[in-house]
Protein chains: 2
Amino acid sequence: MVNYNRQLDRTFAALVDPTRRAILARLEREDGASVSALAKPFAIKLPAVMKHLDVLDDAGLITRSKLGRTVTVRLSPEPMREAMDWLRRYERFWSARLDRLAAYAEGKEAEARKRGR
Amino acid sequence: MVNYNRQLDRTFAALVDPTRRAILARLEREDGASVSALAKPFAIKLPAVMKHLDVLDDAGLITRSKLGRTVTVRLSPEPMREAMDWLRRYERFWSARLDRLAAYAEGKEAEARKRGR
């Protein structure tokens with residue numbers, strides 16, 4: 001439980017920063033990217049990007065592999081699954097709201113049909 | 001987009017702390033709880049709990065209403081929906097893995113049937 005909690009702490013902490021979320025979103029679209037390619041779209045310097053990559057790595061959200069002078073970064077999405085499972089318990093609130101909306105729409109439709117007769 | 005990002009920053013930041021997650025989890029089970037009831041299970045002092053409630057309130061994850069001397073805290077789960085929608089894009093990785101597992105299991109089953117003949 002403690003370890004599970006600590007992993008969730010790290011995962012959510014990694015997701016707090018929009019630059020880190022943008023890096024993860026990019027790695028979701030591309031299967032592996034170099035550090036310099038990842039850094040390009042951002043207005044921050046390479047060392048700042050490296051720090052973000054350290055946080056993502058510590059949280060287990062990316063892996064880095066070095067070949068010659070190029071470091072390739074890849075997504076490791078498993079910890080996000082736990083985060084999503086944690087959030088999932090609140091889903092019933094949204095579906096309850098959707099159920100009420102559906103019931104309302106059906107009621108309006110039935111009314112319209114009645115008037116149409 | 002900037003506002004959307006800022007809300008996600010706040011939501012994920014609120015979810016980083018295990019005490020705050022425990023408070024949310026409790027409010028998911030109970031429809032409204034007093035501040036003192038919420039504070040009871042924790043080994044921290046009331047002012048510390050109040051600070052956590054401030055963070056949750058700023059992120060829009062709870063509402064507080066006062067009647068006499070009692071403050072009732074209620075869940076306001078909507079921002080977590082956005083957080084979940086953000087995480088959902090990574091779902092295909094997990095389902096891809098599940099598909100591979102299912103294919104493997106089916107292969108094993110077919111083999112076993114062949115041998116059984």
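Some notes on this structure:
Residue-by-condition table, conditions (1) of a type in the set (A, V, I, L, M); (2) under 23 Å from A:Arg92 (Cβ atoms):
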| residue | (1), (2) |
| --- | --- |
| B:Tyr4 | no, no |
| B:Gln7 | no, yes |
| B:Phe12 | no, yes |
| B:Val16 | yes, no |
| B:Arg20 | no, yes |
| B:Ile23 | yes, yes |
| B:Leu27 | yes, yes |
| B:Ser36 | no, no |
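- Any hit, segment A:35-51, residues being under 21 Å from B:Arg21 (Cα atoms) and touching a residue at least 24 places away in the same chain (Cβ under 8 Å): no
Only the coordinates and a few stated rules stand behind these numbers; no lab work does. Predicted, not measured: the structure shown is a model, and the values here were computed from it. Because the Cβ atoms are built from the backbone with ideal geometry, glycine has one as well, and the counts that use them run over all protein chains shown.
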